Amino acid sequence: MLGPVSWIFSFLLVCYAAVRLALWVRGQWRWLTLRKTLPESPVEIDAPEYLSPGLALRFIRARRLRIELSHARRMLATVAITDPDVALGQVRDARYRRALMESWTHLRAWLREGEGIAEVDVQTMFDLGVSDQAIAGLVEGLRSRWRSVARARALDTFPTADLFAVQATLDRVDRELMAIEVGLARVVEDPYRESFRAEQTLVH
């Protein structure tokens, strides 16, 4: 027969399971009601005319990065809605880790590509007020949370504050990428710029 301690332990275990089940059901119900509010993925589009090959590629890569990050943003929003541990101030869902790790990889790759932009294209972006410096700062702000996830064990939990901070950061990155798209879309045909680009090509 079970002793008093075993009965108490069993009772607490049943209570814990009941609470988690209730939180899980609550999360699934919330997801059904909020799923239409999740971030939407932008569509693929061609680069505007008159962009140099380098800037056209930058425009296309910015749009693709927005698409990639939209998947992570939807994943994070789903975790915030459905993870039972969120109500307890923690995040356990593995999708949080995956969304953060994948976003970090995509963002770092995009920033590295920006380091290879031709000087004339850098000048064009400067004239348009377009820069990826804000994104670089936002990515750097993710470093501590990325490091925490990278070093964590399989069942470790993370503060919900981290989840919400990553969500807010990726939302801001999306707005910055959109600003870059809008800025590059303002480029018009400029014979003087084209002549300068041709001279730079001959020099190099």
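Computed quantities for the displayed model
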item	result
Relative packing of 164-171, 70-77, which averages over residues the other C-beta atoms within 10 Å, highest first	70-77, 164-171
Residue-span extension gain [residue 101 to residue 143] - 0.36 nm each, minus C-alpha spacing	14.1 nm
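Every number in this text was worked out from the coordinates using simple rules, so none of it is lab data. Bear in mind that the values here come from a model prediction, so they are computed numbers and not experimental data. Note: ideal-geometry Cβ built from the backbone for every residue, glycine included; neighbour counts use all protein chains shown.
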